[in-house]
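**Q** Just dropping this structure here.
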Amino acid sequence: MIHRALPLIITATLAATLAWAVPVELSNDSLTLALDPDDGYAVSSIVNRAQDIDFIAPRPEGVEEDRSPWAVHVRMASGVVRQLTAADAASASHSLDGDTLTVTWEGVRNDETQSDLTVTTAISLPADSAKCFWSVTVSGRAAGALWRVDCPRVFGVRAIGDDQMCTPYHWGRLVRDPARQARAMTLAYPHPTGSRHDPRIPTTRVHAVFRVLGHRGSALRRA
C-alpha cells in the first residue's frame, strides 16, 4: 500500500509545482508580456513578436534582488520615507478577463510602516495594440502618508544593439544606450521652444524620471 501510494503523492506534488511556476501571459499579434508568479509577478518577458526579440534578459545566476513590478513609498511623521514592495505581501493572486490581467497583492505590511495595504495592478493589451497599459490602485492603512507609487518596475532590460531613446527636451534630445544610463529631469510641457508649441495650451510642470539600469531595474514616474 505504501509503495503504490508514494508515486501518486510525488506526481501530484510535482504537477502542482509546475503549474505554479508557469508565467502568466498577455499576448496578441504584436506583443507578449509575461509575469512570473514565483517572483512576485515580476515582468519576466516582453517579446516583440514581429522581430522575435525578448527585451528582458533571464535573471543572472546567483543574483538576488526584489523585482517587484511596483513600489509603494510611505512617508513617516519623522520625514523618513519607507518602501514597500510585493515581497512584503502576505498573498498574491491574479485573474484574466479578456485582454486584461489583474494582479492583487494583499496584506502588504512591515513593522516600520505598520501598514496593511492592498495593491491592485490592471494590465491591458488590446488585440490591435503594440502597447500594453498599466494602472495601479493602493488601498488600506499605514502609519504614514502615501508618498509615491512606482509602477511598472522592469528589471533585466537587455541591450539589443545601438539602442536610442528620444526625451521630450526642447526639440528632442537623443539618449544613446539608455539601458546603461539614468535620466531625471524637470521640464515644462509643451516646451515654449518646441516646434509644435501652441501658446494657447497651458504650460504644465512635469517631473519625469526614466531609469533603466540593466539588472538593477527601471521605472518611469510622472508627478
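**Q** So how do 112-120, 38-46, 87-95 stack up, highest first, on mean other-Cβ count within 10 Å? Provide the component values of the computation, followed by the final result.
**A** On the way: 112-120: 18.0, 38-46: 20.1, 87-95: 13.9.
Those peptides, ordered most packed to least, come out 38-46, 112-120, 87-95.
**Q** Efficiency by 1/(1 + (r/R0)^6): what FRET value for Arg176 and Phe133, r their Cβ-Cβ distance, R0 = 30 Å, to the nearest 0.05?
**A** Numbers: r = 28 Å, r/R0 = 0.92.
The value I calculate is 0.60.
**Q** Please give the length that would be gained between Gln114 and Ile53 if that part of the chain were fully extended, namely 0.36 nm times their separation in residues minus their C-alpha to C-alpha distance (nm, one decimal). Don't skip to the answer; put the middle values down first.
**A** Numbers: separation 61, 0.36 × 61 = 21.96 nm, distance 4.26 nm.
The span from Gln114 to Ile53 would gain 17.7 nm if fully extended.
**Q** Separate question: How long is the gain from Val80 to Ile46 if the chain were fully straight, where each residue apart is worth 0.36 nm and the alpha carbon distance is subtracted? Don't jump to the answer; show the numbers that get you there.
**A** Details: separation 34, 0.36 × 34 = 12.24 nm, distance 3.49 nm.
Gain on stretching Val80 to Ile46: 8.8 nm.
**Q** Now, a different point. Pull out the extension gain between Arg158 and Asp99, defined as 0.36 nm times the separation in residues minus the alpha carbon to alpha carbon distance; nm, one decimal.
**A** 18.6 nm
FYI, it's all coordinate maths here, none of it is from the lab. Here the structure is a predicted model, which means the values were calculated and not measured. Ideal geometry is used to build each Cβ from the backbone, glycine not excepted, and the neighbour counts take in all protein chains shown.
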